[in-house]
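This report concerns only the one structure given below.
The values are calculated or read from the model by the stated rules, or taken from the named source; none is laboratory data. Here the structure is a predicted model, which is why all the values come from computation and not from measurement. All Cβ positions, even for glycine, are placed from backbone atoms using ideal geometry, and neighbour counts span all protein chains on display.
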Amino acid sequence: MFPAFLQMRGVERMFATDGFMDDFQNRLLASADRISGALDALLAQQPREGEISRPERLMAAMRHGALNGGKRLRPFLVLESAALFGVEEADAMAAALALECVHCYSLIHDDLPAMDDDDLRRGQPTVHKAFDEATAILAGDGLLTLAFELLGSAACHRDAGVRSELVVELAKAAGLGGMVGGQMLDLQAAEDAPDEAAIRMLQAMKTGALLRFACEAGAILGSASPSDRATLRAFGEKIGQAFQLADDVLDVVSSDEAMGKRVGKDEAMGKGTLVAILGLEQARQRADALVEEAEALLSGFGDRADVLKSCARYIVSRQQ
């Protein structure tokens, strides 16, 4: 049986559905409820076995950074890609939560004054504003280390080899050659004026690497063939590129209120974006083309991949 701290329960829904994406968004909302409930239980005040104590202020900061809404897209991709290979949601939840912990840690640290210096995240004060900078740093550290505890635990997968592979791949996606390296390139972008190729590399690292891992993780959990695993990895890369293009478009056309965070900051800081290079219309067209390519990659799975295909379409149609 899955351990109590990973049991799933509902939380408040985050956004409304409309149009042709209704069924998909309902599925995403329901998944977000379960993931948020599992995170809530995971971040309870009571220490777990092997822990000495959970400092109250640190726990409050970690909960603020992890339980303040969000679409839970990355863990959703883990669950749905695993389902493609016959893995039940309960058996993929630990890996999904691990990825979401890494994502939430990255947002806490990205918002710090030394990084992107943001005061608002998901419509609420960022962790360093709600608490203080030192607590925010520790809250991010706590979530990051918790992620690898989850992946290394027996609850993640019965096969230690699978657990080890997940640890290695997430470390690569989140680390020097992935998200952390991408953040470094992003910090330099205001001074270096990167060209299109450099921006693509930055985005593939900072944003795309975790989305790529989300899709490949399901294949790893399902002991997929090398070719199927490569397909899911490629799918993740495509939707990662599309996600960032959509984000860049929203940063230009949306508002702080709609996004729940500050928009227009890349332009204000002089950072190059693909929208600035390509223009809005061409950026949208390229995002649509990436979605078509992503969907084509999954054609061999038939209608079993319909949810993942819908997710690719959702990424470029979302309004926040």
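Data for the structure
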{"item": "In the range 125-148, the residues that are surrounded by fewer than 16 Cβ atoms within 10 Å (Cβ to Cβ) and either in a helix (DSSP H, G or I) or in contact (Cβ under 8 Å) with a residue 40 or more places away in the chain (or both)", "result": "E133, A134, D141, T145"}
{"item": "Conditions (1) over 30 Å from A114 (Cβ atoms); (2) assigned to a helix (DSSP H, G or I): number failed by C156", "result": "(2)"}
{"item": "Residues satisfying the stated conditions in the range 108-124, i.e. touching a helix residue (DSSP H, G or I) at 6+ places or on another chain (Cβ under 6 Å) and either under 13 Å from L58 (Cβ atoms) or surrounded by fewer than 17 Cβ atoms within 10 Å (Cβ to Cβ) (or both)", "result": "I108, D119"}
{"item": "Looking only at the range 39-69, and only at residues there that are out of contact with any Pro (no Cβ under 7 Å at 6 or more places or on another chain) and of a type in the set (D, E, K, R), the one that is farthest from D141 (Cα to Cα)", "result": "E49"}
{"item": "Residue check for A224: among the aliphatic types (A, V, I, L, M), buried (at least 18 other Cβ atoms within 10 Å of the Cβ) and under 16 Å from L298 (Cβ atoms)", "result": "yes"}
{"item": "Matching residues, the range 285-301, being modelled with pLDDT of 95 or more and either over 14 Å from L232 (Cα atoms) or exposed (fewer than 15 other Cβ atoms within 10 Å of the Cβ) (or both)", "result": "A289, L290, E292, A296, S299, G300"}
{"item": "Test set (1) within 14 Å of the chain's Cα centre (by Cα); (2) without any contact (Cβ under 8 Å) to a residue 40 or more places away in the chain; (3) more than 30 Å from S223 (Cα to Cα) - G69 fails condition number", "result": "(2)"}
{"item": "Subset of the range 178-197 that is touching a Leu at 6+ places or on another chain (Cβ under 8 Å) and touching a residue at least 24 places away in the same chain (Cβ under 8 Å) - its residue that is surrounded by the fewest Cβ atoms within 10 Å (Cβ to Cβ)", "result": "E196"}
{"item": "Flag for R48 being over 14 Å from the mean Cα position of the chain (by Cα), basic (K, R) and either on the phi < 0 side of the Ramachandran plot or not in a loop (DSSP other than H, G, I, E, B) (or both)", "result": "yes"}
{"item": "Test: residue in the range 166-177 that is touching a residue at least 60 places away in the same chain (Cβ under 8 Å) and β-branched (V, I, T)", "result": "no"}
{"item": "Selection within the range 286-320 - among the polar types (S, T, N, Q) and either in contact with a Gly (Cβ under 6 Å, 6 or more places away or on another chain) or in a helix (DSSP H, G or I) (or both)", "result": "S299, S310, S317"}
{"item": "Condition met for H103 (at negative phi, buried (at least 18 other Cβ atoms within 10 Å of the Cβ) and more than 20 Å from the chain's Cα centre (by Cα))", "result": "no"}
{"item": "Residue list for the range 58-82, restricted to those being more than 18 Å from Q46 (Cα to Cα) and not in a helix (DSSP H, G or I)", "result": "N68, G69, G70, K71, R72"}
